[in-house]
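Chemist: Please find one structure pasted underneath; my questions will follow.
Here, each number is a calculation from the coordinates, and none is a lab measurement. Remember, it's a predicted structure, so these values are computed and weren't measured experimentally. A quick note on method: Cβ atoms are made from the backbone with ideal geometry, for glycine too, and the neighbour counts reach across all protein chains shown.
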């Protein structure tokens, strides 16, 4: 099975994907001057967005949901699953969640599965 995870910014257009998660409800590092120029690939930015009560609750639910979704797509012999995670600009929150899912799925996929991860809008300002 081929699984593609990617982050994006809603302000740059809606993506083509099987599943789209809107994570604009998470705390936004953009509003913190010292985090603004960084990305969700960096530990301090990911921590700001995810290491809080709502972030942890969301990741708990998301982990169960993505695991169930991938398993059921495999049972149904689906060949591809495209999951897009979006925030406003595609640099902070969506990137942090996408990287979290990369780590989660990397530990539970079969050797024949292919996982592709990219950040569509991470360089846009």
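Chemist: Test residue 65 against the criterion of being buried (at least 18 other Cβ atoms within 10 Å of the Cβ) and out of contact with any strand residue (DSSP E or B) (no Cβ under 8 Å at 6 or more places or on another chain), and give yes or no. Let's see the steps before the verdict.
Modeler: Numbers: buried (at least 18 other Cβ atoms within 10 Å of the Cβ): no; out of contact with any strand residue (DSSP E or B) (no Cβ under 8 Å at 6 or more places or on another chain): yes.
Against the criterion (buried (at least 18 other Cβ atoms within 10 Å of the Cβ) and out of contact with any strand residue (DSSP E or B) (no Cβ under 8 Å at 6 or more places or on another chain)), residue 65 does not qualify.
Chemist: Of the conditions (1) without any contact (Cβ under 8 Å) to a residue 40 or more places away in the chain; (2) under 15 Å from the mean Cα position of the chain (by Cα); (3) under 18 Å from residue 122 (Cβ atoms), residue 32 fails just one. Which one is it?
Modeler: Of the numbered conditions (1) without any contact (Cβ under 8 Å) to a residue 40 or more places away in the chain; (2) under 15 Å from the mean Cα position of the chain (by Cα); (3) under 18 Å from residue 122 (Cβ atoms), the odd one out for residue 32 is (2).
Chemist: Counting only residues that are more than 29 Å from residue 1 (Cβ to Cβ) and touching a helix residue (DSSP H, G or I) at 6+ places or on another chain (Cβ under 6 Å), give me the helices (runs of 4 or more DSSP H) lying completely in segment 27-119 with at least 1 of them.
Modeler: Values: elements: 43-50, 53-75, 93-106.
Passing ranges, in order: 43-50.
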